[in-house]
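Student: First the structure, which I've put down as C-alpha cells, then a few questions once you've had a look.
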Amino acid sequence: MKSFSIGKIAGIGIELHSTFILLIIIITGFLAIFSRETLFQTLTLFFLLFLSVALHELTHSLVASKLGFKVRKIILLPIGGVALMDDFPKKPKDEFLISIAGPLFNFFLVLGILLAAQVFALPFPWELFQENLSMETFAALFDSAIMNYPLFAFMWVNLILGSFNLFIPALPLDGGRVLRSILGLFFGFNKSTKIVATVSFYLGTVLLVLGFLSGNLILAVIAIFIILGSRQENEVVLMHESLGNIQIKEIYSKSALILSSELSLNEAFDEMQKMNETAFLVHLGPSIGIITTDKISGFKKIVRSKIKLGDAAELVPNVSLNANASDVLSKMNAKNYSLLPVFDNGKLAGLISIENLQKKYTLAKIS
Ligand code: ZN
C-alpha cells in the first residue's frame, strides 16, 4: 500500500501510510454519523497518537544516525512506524541502543508531562491517582479524562505506545529487537533471530487467541502483525545465511538485455511487455542504470512517449563477479533495487536480480 510524504526532519523523510489515513477517514465518518459529540476529541487523540509515533520513530532514527546508519525515511502506521535504513544493525550493542531509544523517549515524555502538570499546575485529572478508587469509578473517571484533558491523553498514548513496543518480546516490535540484541551477545545474530522468531510465533498465536476470545480487535491485529512480521524477519536471515558462501558468478544471468538511453518510456514499456520483464538495464553513457515498471508508472501516460530513458533511468552501483551474494542482497534490499549490473574487469558481464537470489535460496532450502 502507498504512503504519502508529509515532510522532512533532520534530512529524514516522513511518510504517512495509507492505512493510517484510511483509519482516520473510517473513524471520522463513523463518529460523524453515530456520535458527533465525541468527534473532535477522537480526532485530537489521533493527532496525539500520530505525534507520539512520529517522535518515537524519530528517536530511533536519530540514534541510528549517530551510530553511523543512514536512515532514508520513516513510515508512520497506526500501531507504530518503521524507519527504513540503508543497512540494518547486526551488532548487538547498536541494535540494543537503536531499539530501546524509541520506547524510552515515550516514557521520558510521560515523566515530563507528569512533572510539568505538577510544577506548572496545568489542568490534569489528578483525581485518577487517588487510592481506594473502585474499578467502576476509575473507569468512568478515566473515560472522561481521556476526552477532556489533552495533556493526559498525550501522556496515556505515550505510555501505551512505549509499553506495547518494549514489553512484548516479539519481532518486529522493539521488545523483540532488544531481546535479540541481548541473545546476540551469546548466540550471534542469525541464531538469535531464529530463537526470537520462534518466541514471537507462539506469543503472537497466544495473543491472537486472547484477542478473539475477549473480542479485542486491536489485540488480534497486533497478533497478526507479530506472526507475519517475525516470519518475514526470519526469512530474511535464513536467506542471508544460505547466500553467505555464494559468489555472484555462480548465480548471475549472463544474457542481459540493455536498453538505449534514447528510447522513450513507452518504448521501454513495450519491451517489458514483450519480454515479460518488470525491469531493464539502461546504458547511461559509460555507466549503467535501471528502469522499472514502478518508475514508469510514476509518469503520466501522456508524457511517457516524450520522456527518454536517459532522463528517467536510475543510476545504480555495479556488482563484481566475486561479490558475496548475501552482501549484494543487503545492498539491493536497502535501496529497493530489483536488479543490478554485474561487471567483470571493468566490462559488463550480465545482471543479478532479486529472482536470481531467491531461486538460489529456494534451492538451498529444500536440499
Ligand atoms: Zn520502535
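Student: Being of a type in the set (Gly, Ala, Ser) and over 21 Å from Ile222 (Cα atoms) is the filter here, so list the residues in region 134-169 that pass it.
Tutor: If the condition is that a residue be of a type in the set (Gly, Ala, Ser) and over 21 Å from Ile222 (Cα atoms), then Ser134, Ala139, Ala140, Ser144, Ala145, Ala153 are the ones that fit.
Student: Please state which of the following conditions Phe88 fails to meet, knowing it meets all the rest: (1) within 16 Å of the ligand (Cβ to nearest atom); (2) assigned to a helix (DSSP H, G or I); (3) farther than 18 Å from Leu159 by Cβ; (4) of a type in the set (Phe, Trp, Tyr).
Tutor: Against the list (1) within 16 Å of the ligand (Cβ to nearest atom); (2) assigned to a helix (DSSP H, G or I); (3) farther than 18 Å from Leu159 by Cβ; (4) of a type in the set (Phe, Trp, Tyr), Phe88 comes up short only on (2).
Student: Got a sec? Which helices (runs of 4 or more DSSP H) wholly within region 143-232 have at least 2 residues that are within 24 Å of Phe47 (Cβ to Cβ)?
Tutor: Numbers: elements: 150-167, 174-187, 189-214.
Result: 150-167.
Student: Considering every residue within region 16-25, establish whether at least one is assigned to a strand (DSSP E or B) and surrounded by 13 or more Cβ atoms within 10 Å (Cβ to Cβ).
Tutor: Here is the first cut: in region 16-25, the ones assigned to a strand (DSSP E or B) are 16-17.
Checking the rest, the ones that are also surrounded by 13 or more Cβ atoms within 10 Å (Cβ to Cβ) come to 16-17.
Yes, region 16-25 has at least one match.
Student: Still on this model: So which residues in region 44-74 are away from the ligand (no atom under 12 Å from the Cβ) and buried (at least 20 other Cβ atoms within 10 Å of the Cβ)?
Tutor: First, pick out the residues of region 44-74 that are away from the ligand (no atom under 12 Å from the Cβ): 44-51, 62, 65-73.
Matches in region 44-74: Leu49, Val71.
Student: Something else: Would you check if there is a residue in region 61-72 being among the hydroxyl-bearing types (Ser, Thr, Tyr) and in contact with a strand residue (DSSP E or B) (Cβ under 8 Å, 6 or more places away or on another chain)?
Tutor: Going through region 61-72, the residues among the hydroxyl-bearing types (Ser, Thr, Tyr) turn out to be 61, 65.
Then drop every residue that is not in contact with a strand residue (DSSP E or B) (Cβ under 8 Å, 6 or more places away or on another chain), which leaves 61, 65.
Yes, region 61-72 contains a residue that is among the hydroxyl-bearing types (Ser, Thr, Tyr) and in contact with a strand residue (DSSP E or B) (Cβ under 8 Å, 6 or more places away or on another chain).
Student: With a cut-off of at least 3 residues that are surrounded by fewer than 17 Cβ atoms within 10 Å (Cβ to Cβ) and either without any contact (Cβ under 8 Å) to a residue 60 or more places away in the chain or of a type in the set (Lys, Arg) (or both), name the strands (runs of 3 or more DSSP E) lying wholly within region 263-365.
Tutor: On the way: elements: 279-284, 287-292, 339-344, 347-353.
No strands (runs of 3 or more DSSP E) qualify here.
Student: Could you list, ordered by first residue, the pairs with Cβ atoms under 7 Å in which the first is in region 100-127 and without any contact (Cβ under 8 Å) to a residue 12 or more places away in the chain and the second is within 16 Å of the ligand (Cβ to nearest atom) and of a type outside the set (Lys, Arg), at least 6 apart or interchain?
Tutor: none
Student: Now a separate question. Being within 11 Å of the ligand (Cβ to nearest atom) and closer than 18 Å to Gly11 by Cβ is the filter here; which residues of region 75-85 pass it?
Tutor: Result: Gly81, Val82, Ala83.
Student: Further question on the same structure: Output the residues belonging to region 162-198 that are of a type in the set (Val, Ile, Thr) and either closer than 29 Å to Ala54 by Cβ or within 16 Å of the ligand (Cβ to nearest atom) (or both).
Tutor: We begin by selecting, within region 162-198, every residue of a type in the set (Val, Ile, Thr); these are 168, 178, 182, 193, 195-196, 198.
Ile168, Val178, Ile182, Thr193, Val196, listed by residue number.
Student: Let me ask something else. On the given criteria, is Ser35 in contact with a Ser or Thr (Cβ under 8 Å, 6 or more places away or on another chain) and away from the ligand (no atom under 15 Å from the Cβ)? Step through it out loud before you land on a result.
Tutor: Numbers: in contact with a Ser or Thr (Cβ under 8 Å, 6 or more places away or on another chain): no; away from the ligand (no atom under 15 Å from the Cβ): yes.
When the stated conditions are applied, Ser35 does not pass them.
Student: Can you tell me how many residues in region 91-134 are part of a helix (DSSP H, G or I), more than 16 Å from the ligand (Cβ to nearest atom) and farther than 20 Å from Ser181 by Cβ?
Tutor: Let us first name the residues in region 91-134 that are part of a helix (DSSP H, G or I), namely 92-119, 126-129.
Filter once more, so that each one left must be more than 16 Å from the ligand (Cβ to nearest atom): 92-93, 111-119, 126-129.
The next check asks that each one be farther than 20 Å from Ser181 by Cβ; those that pass are 111-119, 126-129.
So the count comes out to 13.
Student: While we're on this one: Of all residues in region 129-170 being of a type in the set (S, T, N, Q) and surrounded by fewer than 18 Cβ atoms within 10 Å (Cβ to Cβ), which is nearest to Gln118 (Cα to Cα)? Working first, answer last.
Tutor: Within region 129-170, the first condition is being of a type in the set (S, T, N, Q), and the residues that meet it are 130, 132, 134, 137, 144, 148, 158, 163, 165.
Filter again for surrounded by fewer than 18 Cβ atoms within 10 Å (Cβ to Cβ), leaving 130, 132, 134, 137, 144, 148, 163.
Numbers: Gln130: 15, Asn132: 21, Ser134: 24, Thr137: 23, Ser144: 20, Asn148: 18, Ser163: 23 Å.
Here the answer is Gln130.
Bear in mind that the values in this text are calculations on the coordinates, not laboratory data. For clarity, every value in this text was computed on a predicted model and none was experimentally measured. Quick reminder, even Gly has a Cβ in these numbers, built from the backbone with ideal geometry, and neighbours come from all protein chains shown.
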